[in-house]
Amino acid sequence: MKKECYTIMILDDMLDSTLLLQRLLAKIEYVQIVHRVDRPEQALNLLDIRPVDILILDMEMPAMMGWEFVNLLDDPPVILVFTDHAQYGFKAHEIGARGYISKILNYNLLKKTIDDAIREVDYRDELTKNNSTCVKVRNFDTKRDEIIVHEDLCYAEVDDKMVSLYLKEGRAINSQMSLSRLMDELPDNKFVRISAKHMVGKHAVMSCCRKEVQIRGCESILEILYPNAYIKLQRMLSEDI
């Protein structure tokens, strides 16, 4: 799992029928129900304000069928269909539903279905991250958000709770965040954490050996202290040859 908590919306025109489902989901410590909705129009508004990782969807609602609702979403979350009607199988497949939750609930089966949905959430997030071209950070000094193009970020260094991001034009941005959090925002096919203190971008590497790396714009040689960092860095560099 990539996150500590995964968010869920339940959309069902009969919310009372989902009470047992809600109680069972509350037992799964790494998921949280943030929206319980009985009207599709309200669900659309809430998803605009606060998107979720997983949508548990009733397929048969009086105002709008479940698949009609999904077709209104520009970027649907991972979908789990909450139904006992097998005739909706084709429609569920058509909207890309990840699985089914039977209204005859079983905790172990429910948890397995949720875990499978979470794997899909993680896969999509990783795909999005690896295909991204920039990262947004909060500049501690100016108190403003800055968009940094990946190719401009050479390396980063952490000191206590402050991360300094060094850009290719020689500028540094200080941001109050952990290096782990920064790495979570960056594609792992472009950046490598080499120690507890440093991470580097493969495009900024001038030379490296098993124990150290020279980064463009950095006067010091950076130590490679994480065992697998050198192997990963070599693999990434060889892909560009």
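Assorted remarks:
- Chain lengthening between E68 and L44 when straightened (0.36 nm per residue, less Cα-Cα): 7.4 nm
- Flagged links, alpha-carbon separation over 29 Å, of K111/K232; K3/K27; K3/K136; K136/K211; K136/K202: K111/K232; K136/K211
- Among S132, S175, S207, residue whose mean-square fluctuation peaks in a GNM of the chain (springs only between Cα atoms under 10 Å): S207
- Neighbourhood charge, 13 Å Cβ-Cβ cut-off, centred on L179 and excluding it, Lys, Arg +1 and Asp, Glu -1: -1
- For the range 134-239, the relative contact order works out to 20 percent when only alpha carbon pairs closer than 8 Å and six or more residues apart are counted.
- Translational diffusion coefficient of the chain (Stokes-Einstein, Kirkwood radius from Cα pairs, 20 °C, 1.002 mPa s): 104 µm²/s.
- Between the Cα long axis of helix 229-239 and the first principal axis of the chain there is an angle of about 90°, rounded to the nearest 10.
- Gyration tensor over the Cα atoms of the range 6-131: the corresponding equivalent ellipsoid has semi-axes (square roots of 5 times the eigenvalues, largest first) of 19, 18, 15 Å.
- Rg(Cα)/(2.2 N^0.38 Å) for the range 152-219, N = residue count: 1.02
- Distance in nm between pseudo-label sites at S102 and D122 (7 Å out along the Cβ direction from Cα): 2.7
- Taking the C-alpha atoms only, the angle from helix 40-49 to the longest principal axis of the chain is near 10 degrees.
- 3J(HN,Hα) couplings calculated from phi for the range 160-175 with the Karplus curve 6.51 cos²θ - 1.76 cosθ + 1.60 (θ = phi - 60°) are, in sequence order, 6, 9, 10, 9, 9, 9, 9, 9, 5, 7, x, 7, 10, 10, 9, 9 Hz; Gly and Pro show x.
- Using the Karplus relation 6.51 cos²θ - 1.76 cosθ + 1.60 with θ = phi - 60°, the per-residue 3J(HN,Hα) values for the range 22-34 come to 4, 5, 5, 5, 5, 7, 8, 5, 9, 10, 9, 7, 9 Hz, with x marking Gly and Pro.
No value in this document is a laboratory result; all are computed from the given coordinates. Owing to the predicted nature of the structure, the values given are computational and were not obtained by experimental measurement. Methodologically, a virtual Cβ is constructed for each residue, glycine included, from the backbone with ideal geometry; neighbour enumeration extends over all protein chains shown.
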